[in-house]
Amino acid sequence: MKNFLRRVVNTDFLPMNEVRKIKVVLVMTFLLIVTAATIGFAFYFDYTNAVKIAVMAVFLFGSGLIYLLIRFNRIMAAIHVTIIYTIALTMFYTQGTDSFYAYLFFYISLTVIVFYQELYIFLSYGTLVLGYGIFYIMFHEANLIAPTDILGSVYAYVVLLVLFYLIFLFQSMNNEKLYTDLNLEWVKLNQVIGSYQDFTLFHLEEIRKKSKGVPFYEDRAFRKAVDELSVFVCEQLKDRGKEITNVLDLYIYIHERGLAKIIENEELSVSTKKIANRLDKYLLNRRTDMVSILMNFFTRFRSTDGYRPNRYEYHLGRLAPSTAEQVIALAFVYRYLANEPTAFDHYGQPDKIMSHEEICQLFAAPEMDEFLSDGQIAFFKENADLFRDHLGRKG
């Protein structure tokens, strides 16, 4: 219980599937409490005893089904079952009595549905509950209003229910837009980080080659440490630590031969190829998930420079205050592109120097709006020949 409450408090740091799981558990607990607190009144409803017993059995089965779905991590299915359970509970009470308390169950149903914060679920199930609620109000008008109420006061019940629905509909749409924007921002940021890590890995490999060092996955001390650690961990998990050495040999072999050649090798078994495919994201000779984790972990222990407002600013128009400085910066950019290998080859390695025409195409690309202003691009186009003659590659 303590661990569950801790997870509820820290839902901002949990993946979406875990958040949904917590919501399902809370909704299931709420439904059990509501059912237990109100089930005694069901014996006074206008149902036969057989129907009452059958409904109780269905609710009991639904509770057990929700528990099993949560237990086996079928969260989306559990969400649908809890909503269907809530709607069924609402229909049971509204068909059994026509009092004001039955009318409140429509709000309970909408609250449960909106609690999940899933737009398509709210549009489907929420609209169904709203339609059924309006039908119930109009059909049971005489029992919802007092004889002394003014004519048409029943429409107040309809308006309140519709407003309740619309408010949470707009809130769900706003949340959906917010999640979409955050996801797009995360994808964009992840691509930027990925580019940085690609260049970092490339330069680390260049440094290793210049120092004539061997890749660390070929280093004997590294392989010995990984071998001993793998055996130890495997023994703690399944008491067969020696079997992991075969997987470790395959892991090193993938680095040397490449995954594609292993998959194409007809002499290897299907199970070996499956294991090799699973090991692909843990390779260390290119930017895999494992390399990204290592880099992110390493950077957490590196001190960074103090905060500067333009620390992550890349636009020349905002980095350089004067026009002269902007022209000089633009000249530096052109000279670097015209004399250093920055164009990628077929293998994704920057080993080709861009030509003048390629630089012109790059400056005219829409992506350059994040780095250059329209005035700077226009200045470059008007003076492209001067840039080529004085700053281009000689010879």
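Let's see how each residue does on (1) assigned by TED's automatic domain parsing to the domain that holds Asp385; (2) acidic (Asp, Glu); (3) part of a helix (DSSP H, G or I):
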| position | (1), (2), (3) |
| --- | --- |
| Ile262 | no, no, yes |
| Asn285 | no, no, no |
| Ser292 | no, no, yes |
| Tyr336 | yes, no, yes |
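Scoring Val270 on the criteria (1) surrounded by 10 or more Cβ atoms within 10 Å (Cβ to Cβ); (2) at pLDDT 85 or above; (3) not assigned by TED's automatic domain parsing to the domain that holds Leu372 leaves a single failure, condition (1).
Return the total of residues in the stretch 178-224 being assigned to a helix (DSSP H, G or I), more than 30 Å from Ala343 (Cα to Cα) and not β-branched (Val, Ile, Thr). Total meeting the criteria: 9. Inspection of the stretch 73-87 finds a residue satisfying the criterion of being within 34 Å of the chain's Cα centre (by Cα), assigned to a loop (DSSP other than H, G, I, E, B) and assigned by TED's automatic domain parsing to the domain that holds Lys23. Inspect the stretch 234-254 for any residue being of a type in the set (Gly, Ala, Ser), farther than 18 Å from Lys281 by Cβ, in contact with a helix residue (DSSP H, G or I) (Cβ under 9 Å, 6 or more places away or on another chain) and at pLDDT 75 or above and give the result as yes or no. No, there is no match, as no residue in the stretch 234-254 is of a type in the set (Gly, Ala, Ser), farther than 18 Å from Lys281 by Cβ, in contact with a helix residue (DSSP H, G or I) (Cβ under 9 Å, 6 or more places away or on another chain) and at pLDDT 75 or above.
The values are calculated or read from the model by the stated rules, or taken from the named source; none is laboratory data. Note that the structure is predicted; figures quoted are calculated from it, not measured. Please note: Cβ atoms are built from the backbone with ideal geometry, for glycine as well, and neighbour counts cover all protein chains shown.
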